[in-house]
Structure formats: C-alpha cells, structure tokens
Amino acid sequence: MNQDTFNMSLRKFLKTVGVGSQREIEQAVEKALSEGRLQGDETLPARVTLSVDGIDLKVDFTSDIKLEE
C-alpha cells in the first residue's frame, strides 16, 4: 500500500463528505425554517453512518446541531 496515495484519497473523501454534508444540512434547515417546520431555536440530533465496503466498516457518529445558543 502506498501511504501517500491512501492519505490523499482519504482526505479527498472526507473533504467531499464534509462540504457536501454541510451544504445539504444548511439547505434542509433553511427549507424547514421557511416552511415553518422549525422556529430557529431548536437543537437537532444528527447521525452519520460511515460504511466502507471491502473492510466491513460500519460506524455511527452522533452529535447535536444547535440553531441557537
């Protein structure tokens, strides 16, 4: 295995996931706010499931997304 290739590929994947996830969450929150389904002071429980085929990896990450402090 080429460690540099692996690290660069992994970083590219994580950047794609991070940027794409943020955009999707922001758009969904804006839509929910405009439709009146959110008031803007909620804390939203969030979960991401990461899976990687070929190495039998499946792990959940959870956290809260606060819309107001």
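Odds and ends about this structure:
- Some residue of the range 1-18 being among the aromatic types (Phe, Trp, Tyr) and surrounded by 10 or more Cβ atoms within 10 Å (Cβ to Cβ): yes
- All of (1) in a helix (DSSP H, G or I); (2) free of Cβ contacts under 8 Å to residues at least 40 places away in the same chain hold for Ile25 with one exception: (2).
- Some residue of the range 58-66 being hydroxyl-bearing (Ser, Thr, Tyr), part of a helix (DSSP H, G or I) and free of Cβ contacts under 8 Å to residues at least 24 places away in the same chain: no
- Test result for Ala28, hydrophobic (A, V, I, L, M, F, W, C), surrounded by 10 or more Cβ atoms within 10 Å (Cβ to Cβ), at pLDDT 95 or above and within 17 Å of Ser63 (Cβ to Cβ): yes
- Among (1) in a loop (DSSP other than H, G, I, E, B); (2) of a type in the set (S, T, N, Q); (3) exposed (fewer than 10 other Cβ atoms within 10 Å of the Cβ), the one test that Gln39 misses: (3)
- For the range 42-69, a residue qualifies if it is over 26 Å from Phe13 (Cα atoms) and loosely packed, with under 10 Cβ neighbours inside 10 Å, and the qualifying residues are Glu68, Glu69.
The values are calculated or read from the model by the stated rules, or taken from the named source; none is laboratory data. Note that the structure is a prediction, hence the values are computed from the model and not measured. Methodologically, a virtual Cβ is constructed for each residue, glycine included, from the backbone with ideal geometry; neighbour enumeration extends over all protein chains shown.
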